[in-house]
Amino acid sequence: MSAPLASLKILDFSTLLPGPFASLLLADMGAEVLRIESPTRMDLLRVLPPHDGGTSASHAYLNRNKRSLALDLKQPEALEIIQQLLGEYDIVLEQFRPGVMERLGLGYEALKAINPQLIYVSISGYGQTGPYRDRAGHDINYLALAGLASYTGRADSGPVPLGMQVADVAGGSLHGVIGLLAAVIARQQSGQGTHLDVSMTDCAFSLNAMAGAGYLACGAEPGREDQMLNGGSFYDYYRTRDGRWMSVGSLEPAFMQQLCAALGRPELAAQGLSQRAEQQQALKHALQVEFERHDFAELCELFAGVDACVEPVLSLGEAVRHPQLQARGLVTQVPRGDGTIQAQMACPLKFSQALPAPRHVGAGLGQHTDEVLAELGFSAERIAELRSTKVIL
């Protein structure tokens, strides 16, 4: 198929995770993404372990299908190159703290004057306004300030750091892509660009979908292990005899009946219908006793043929080999550029006609500098001159 976003050309100034994950999705769907990277201040993702053949596996994945232009943005000639690129690349994605792009002469208003149709996406921790706009932060801080950490974890031990970056990815990356594509549609209708201000804290706050709605409408403040879906009911994880874990989400009566019947305790099903906290905790204890009578493999086999919303907690290696994930094609082979390939997570979006195969892993720093400048009409001599003055790498 013709890639659905093949008409989009994006200048990506972002580093680390939120911006690169957003532009990865866009590149996988066919957008032409050109990373603008500093030749002196390396994207720390490039050195993040583990490494595959001397290259960060995370960088190779998050930056696949993108080209890299190494450009010292503090030099006047670099600004001129960006201005020329705006003749073709009419979407900018940046992830600096507020004000940084303006100081470089690359703020929205300055670039909009060159291309009025420019779509300019700024992803930051706290947004472009407000008292925290200049404050440093990480995923754990955004989740804390957004209220999400207040009702996750255990009542006796408090919140736990999650294994993946919810505010970065579900907040900055996915909301950034949604907003960017909405801006593209609006531009098709109006001919005007826009500046999209994406705050990871704002977006994390919006993820309080049910708890936030309940608090704002009814004043119901959620706490740890006092909600149906956060450990306050039997909906939870259960340890097996050999120290593994099973997930139980048997909320509906039919699923609860099948769960209890499979464990040989059909009489417990009635307790699952009770909303009383003491009944839920008694059921939870009874289920834990039953799960601890069996090893993990035995429980996997037992529930494989039971439609009760009970599934094993898999390691990443086990998840990769699971027949459902394999059938969905969630692992792809990506060319490294030297004739070898690297296994990576595939784009999870499934169109009726397949997306184009991945072209290459994340590029080396400045790997496409000469190519991009030649496309702009720069001569070999001019490119050599820019390199000698360290404007480019």
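We did not get these values from a lab; they are worked out from the coordinates using the rules stated. Quantities reported herein were computed from a predicted structural model and do not represent experimental measurements. Neighbour counts are summed over all protein chains in view; Cβ atoms, including those assigned to glycine, are modelled from backbone coordinates with ideal geometry.
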By a straight-distance test (C-alpha under 18 Å), which lysines pair with LYS74 as possible cross-link partners, with residues fewer than eight away in the same chain excluded?
LYS390
Give the relative contact order (percent, whole number) for segment 197-331; include only Cα pairs under 8 Å separated by 6+ residues.
23
Here are a few candidate values for mean projected area of the Cα convex hull in nm²: (i) 30.9; (ii) 19.5; (iii) 23.5. Which one was actually calculated from the structure I just gave you?
(iii)
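Quick check on the chain: helices-only [θ] at 222 nm, where DSSP H runs of length 4 and up contribute -39,500 (n - 2.57) each and the sum goes over total residues. Nearest 500, please.
Dividing the helical sum by the residues of the chain leaves -9500 deg cm²/dmol.
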Square roots of five times the Cα gyration tensor eigenvalues for segment 245-312, Å
19, 13, 10
Peptides ranked, highest mean first, by Cβ atoms within 10 Å: ranges 269-275, 25-31
25-31, 269-275
Inter-part distance where segment 87-103 and segment 323-393 are each reduced to a Cα centre, Å
21
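Are there trypsin sites (Lys or Arg not before Pro) in segment 10-83 that DSSP marks as loop and that have at most 15 other Cβ atoms within 10 Å, and which are they?
For trypsin sites (Lys or Arg not before Pro) across segment 10-83 that sit outside H, G, I, E and B with at most 15 neighbouring Cβ atoms in 10 Å, the list reads ARG41, LYS74.
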FRET efficiency (SER379, VAL320; Cβ distance; R0 51 Å; to 0.05) is 0.60
Positive-pole candidate from GLN271, VAL166, SER122, dipole of the chain, charges at beta carbon
SER122
Relative contact order, percent, segment 245-312 [alpha-carbon distance under 8 Å, six or more residues apart]
51
Based on alpha-carbon centroids, what's the gap between segment 181-196 and segment 1-55 in Å, whole number please?
22
